[in-house]
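K.L.:
Quick one: the structure is below, questions incoming.
The values are calculated or read from the model by the stated rules, or taken from the named source; none is laboratory data. Note that this is a predicted model, so its numbers are computed, not measured. Counting neighbours? That spans all protein chains shown, and the Cβs are built from the backbone with ideal geometry, glycine included. Just so you know, the surface numbers come from the protein's heavy atoms only, side chains and all, with ligands and any DNA or RNA stripped out. Shrake-Rupley method; radii C 1.70, N 1.55, O 1.52, S 1.80 Å.
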Amino acid sequence: MTRLTGRALRLTVFVGENDTWHHKPLYSEIVHRAHAAGLAGASVFRGVEGFGASSLIHTSRLLSLSEDLPVAVVIVDTEPRVRAFLPQLDELVTEGLVTLDDCQVIRYTGRADTPGETDGKGKRSL
């Protein structure tokens, strides 16, 4: 497990939920590549409304426009590890927005890191 505290970088990739990479959702490919690169973690958040460089508003409120809602993939890790991952995004993200923000990691723990017994699958015993 990756240990992470203190200064870090937050990488956020904004794409459309219908964007694909070799017939697979683009956000999923980004997450799987981040995992393979050994990054600390990645999360995907689906937006309910938004617009990007095309200025076309996508919203879940109107059935006809509920396609291709915005998706944000957020990855946090140390600066060198995040920057080493950026070339992969150059290959994957042809439309969208990629941002970097400095952040401070206060706590980063997984289930196996918490005190108490687990069932061997990472789940706590009752």
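Yes or no, residue by residue, for (1) touching a strand residue (DSSP E or B) at 6+ places or on another chain (Cβ under 7 Å); (2) under 17 Å from Ala8 (Cβ atoms); (3) not in a loop (DSSP other than H, G, I, E, B):
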{"residue": "Leu39", "(1), (2), (3)": "yes, yes, no"}
{"residue": "Leu56", "(1), (2), (3)": "no, no, no"}
{"residue": "Arg81", "(1), (2), (3)": "no, yes, yes"}
{"residue": "Gln88", "(1), (2), (3)": "no, no, yes"}
{"residue": "Glu91", "(1), (2), (3)": "no, no, yes"}
{"residue": "Asp102", "(1), (2), (3)": "yes, yes, yes"}
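K.L.:
What is the one condition in (1) open to solvent by 60 Å² or more (accessible area, probe 1.4 Å); (2) modelled with pLDDT under 95; (3) touching a strand residue (DSSP E or B) at 6+ places or on another chain (Cβ under 6 Å); (4) not basic (Lys, Arg) that Ile106 does not satisfy?
P.N.:
Among (1) open to solvent by 60 Å² or more (accessible area, probe 1.4 Å); (2) modelled with pLDDT under 95; (3) touching a strand residue (DSSP E or B) at 6+ places or on another chain (Cβ under 6 Å); (4) not basic (Lys, Arg), the lone unmet condition for Ile106 is (3).
K.L.:
Residues to consider are Glu49, Glu117; find the one that is open to solvent by 50 Å² or more (accessible area, probe 1.4 Å), of a type in the set (D, E, K, R) and modelled with pLDDT under 80.
P.N.:
Result of the check over Glu49, Glu117: Glu117.
K.L.:
Looking at (1) surrounded by 12 or more Cβ atoms within 10 Å (Cβ to Cβ); (2) small (Gly, Ala, Ser); (3) on the phi < 0 side of the Ramachandran plot; (4) within 14 Å of the chain's Cα centre (by Cα), which one does Ala84 not meet, given that it meets all the others?
P.N.:
Answer for Ala84: the failing condition is (4).
K.L.:
Another question about this same structure. Confirm whether Leu4 is assigned to a loop (DSSP other than H, G, I, E, B), modelled with pLDDT of 95 or more and open to solvent by less than 70 Å² (accessible area, probe 1.4 Å).
P.N.:
no
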